[in-house]
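Let me begin by presenting the structure, written as structure tokens, before commenting on it.
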Amino acid sequence: AWSNYLLSTPTSSLSYFLQVELYGGANSLINTPLSNATAFPFRDSLFVLQLYASSASGQPPYPFEDGYAFLEGMVEVITGSMEAEGVSAEDIGAYANYIDPTLVGWQDAYYKGNYERLVQLQKVSIS
């Protein structure tokens, strides 16, 4: 599905790439802390994907509408394929160090069940 998307979606105004980072797995120290021990809950993930797009020339202006539409389409294809394989939508997250200013439901996507505790910690640290 992903390769079909890339082959069938026009990208003449864009340059793009996908970075795959091997992240976890059974022997990874990343998943040693419990998922609620830190702000980041997705420690049992096998890998992290980073999607990038820029103007075709690499120079401003960034083609915002085309760029985000293309990246969002890639995300939909990838997450849709994961859900079709039985991965629940709530277990598909986002990495807080790769901020997406258009992400809907970012509290759950970045922090899953840890967000409310982070809010409480922030209140304590401010007072």
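The values are calculated or read from the model by the stated rules, or taken from the named source; none is laboratory data. Given the structure is predicted, the values throughout are model-derived calculations rather than measurements. We place every Cβ from the backbone using ideal geometry, glycine too, and count neighbours over all the protein chains shown. What goes into the accessible areas is simple: the full protein's heavy atoms, side chains included, and nothing from ligands, DNA or RNA. Shrake-Rupley method; radii C 1.70, N 1.55, O 1.52, S 1.80 Å.
Can you name the number of the only condition in (1) touching a Ser or Thr at 6+ places or on another chain (Cβ under 7 Å); (2) modelled with pLDDT of 90 or more; (3) in a loop (DSSP other than H, G, I, E, B); (4) of a type outside the set (A, V, I, L, M) that Phe70 fails?
Unmet for Phe70, out of (1) touching a Ser or Thr at 6+ places or on another chain (Cβ under 7 Å); (2) modelled with pLDDT of 90 or more; (3) in a loop (DSSP other than H, G, I, E, B); (4) of a type outside the set (A, V, I, L, M): (3).
Given the criteria part of a loop (DSSP other than H, G, I, E, B) and farther than 22 Å from Leu6 by Cβ, does Gly113 qualify?
no
Quick check on this structure: which one of Ala96, Ala84, Ala37 is without any contact (Cβ under 8 Å) to a residue 24 or more places away in the chain and closer than 30 Å to Leu121 by Cα?
Of Ala96, Ala84, Ala37, the one residue that is without any contact (Cβ under 8 Å) to a residue 24 or more places away in the chain and closer than 30 Å to Leu121 by Cα is Ala37.
Give the residue, chosen from Phe64, Phe40, Phe47, that is of a type outside the set (Lys, Arg) and open to solvent by less than 60 Å² (accessible area, probe 1.4 Å).
Every option except Phe40 fails the conditions.
Kindly evaluate Pro33 against the criterion of being over 16 Å from Tyr98 (Cα atoms), open to solvent by less than 60 Å² (accessible area, probe 1.4 Å) and either not aromatic (Phe, Trp, Tyr) or not in a helix (DSSP H, G or I) (or both).
yes
Check region 95-110 and report whether any residue there is more than 20 Å from Ala37 (Cα to Cα), at pLDDT 90 or above, part of a helix (DSSP H, G or I) and among the small types (Gly, Ala, Ser).
The answer is no; no qualifying residue exists.
Taking the stated definitions as given, is Val87 assigned to a loop (DSSP other than H, G, I, E, B), at pLDDT 90 or above and surrounded by 12 or more Cβ atoms within 10 Å (Cβ to Cβ)?
Yes: the conditions hold for Val87.
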